[in-house]
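Accompanying notes for the structure given below.
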Amino acid sequence: MNTQGILAAITIVMYIPFLFTSFKVASKCGIWQGRWTSLLVFCIIRVLGGAFLVAAEKITPANNGLYTAGYVLEVVGLAPLLLSTLSLLRLIFDGPDGEPTDESIFHSLRTFNAAGVLLTLIGFFTVSRSSSGASTLRKSGFILFSIHYIALVGICIFLWTKVRLIMKYRKRLLKVISFALPFLAVRTVYGALSTITTDTFTGSTTSSNTSSLAEFDLVTGNWEIFLVMDMITEYAIVIFYTISAFVLPLDQDFKAPDFIEDEFPLNGP
């Protein structure tokens, strides 16, 4: 296998353990409640994407469909990672009934995320008809992802201005999210740059990218940059969130003997 195939195989090995742990956490908290489900979806996407790319490297003659499927999952994998962060921020606003005071901002960002995924997918599947139009759609999708990330930072900053009103374990969760945001920033920047510079998503391409951002090309670019800005940043975020899921008893915030709901306006009615 070439470097792409090796990195894809490493990705599978990296995420299989987290596939099971994230499923355990999501099942415990309720799959359909969505608190940790996005993290599970992300792990599934990474395992499947890696499997497609490994299969594409092994099968001869080259199967461009497998390459495309693998790269599609690589690109859109940012979406559930953004949603995971949004879901954890939403947890900080949760009251005893599991509902935040105002859902509008969270609904809006989920819509942004879904629109970004849709535009990106359309951009992938129309590339054979119009290369420039497909590229524009993918770039538009990542503009929405970038806006989503900026909004996450804004929510985080707002919460830090109200930190004295946040309960004990949710305050610790906020610290975890704040620590993960720089990693998510690097991943979002890499996603945007690779989307701008990548023209083809097949492993059989013989042309070289001559643009100034050629090192960020998802197919023919620098694998060390991909390793650091994509794989390592994502893995660090997954580790942070998974550990917090197991060590932070968020439900205990509402069981403390001195808990008075009116003292926590973020979580009040």
Query raised in the report: Under the Karplus relation 6.51 cos²θ - 1.76 cosθ + 1.60, θ = phi - 60°, what is the ordered set of whole-Hz ³J(HN,Hα) values for region 68-75, x standing for Gly and Pro?
Result: 4, 4, x, 6, 4, 5, 4, 6
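Is the shape of region 3-250 best called rounded, prolate or oblate, per the rule: a/c under 1.5 gives rounded, else a/b larger than b/c gives prolate, else oblate, with a ≥ b ≥ c the square roots of the Cα gyration tensor eigenvalues? The partial results should precede the final answer.
On the way: a/c = 2.14, a/b = 1.71, b/c = 1.25.
Here region 3-250 falls in the prolate category.
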Requested in this report: Taking a cut-off of 25 Å between Cα atoms, list the lysines near Lys28, but don't count ones fewer than 8 places away on the same chain.
Outcome: Lys168, Lys171, Lys175, Lys255
Requested in this report: For region 46-52, just list the computed ³J(HN,Hα) in residue order, Karplus coefficients 6.51, -1.76 and 1.60, θ = phi - 60°, integers in Hz, with x standing in for Gly and Pro.
Outcome: 5, 5, 5, x, x, 5, 4
Report summary line: If unit charges are put on Cβ atoms (+1 for Lys and Arg, -1 for Asp and Glu) and the dipole of region 3-250 is taken about its Cα centre, the option from Phe18, Ser135, Pro249 lying farthest towards the positive end turns out to be Pro249
Query raised in the report: Once the Cβ-Cβ distance between Phe125 and Val163 is put in as r, and R0 is 35 Å, what FRET efficiency do you end up with, to the nearest 0.05?
Result: 0.20
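Computed from the coordinates by the stated procedures, all read-outs in this text should not be read as laboratory data. Predicted model only: the values in this text are computed from it and were never measured. Please note: Cβ atoms are built from the backbone with ideal geometry, for glycine as well, and neighbour counts cover all protein chains shown.
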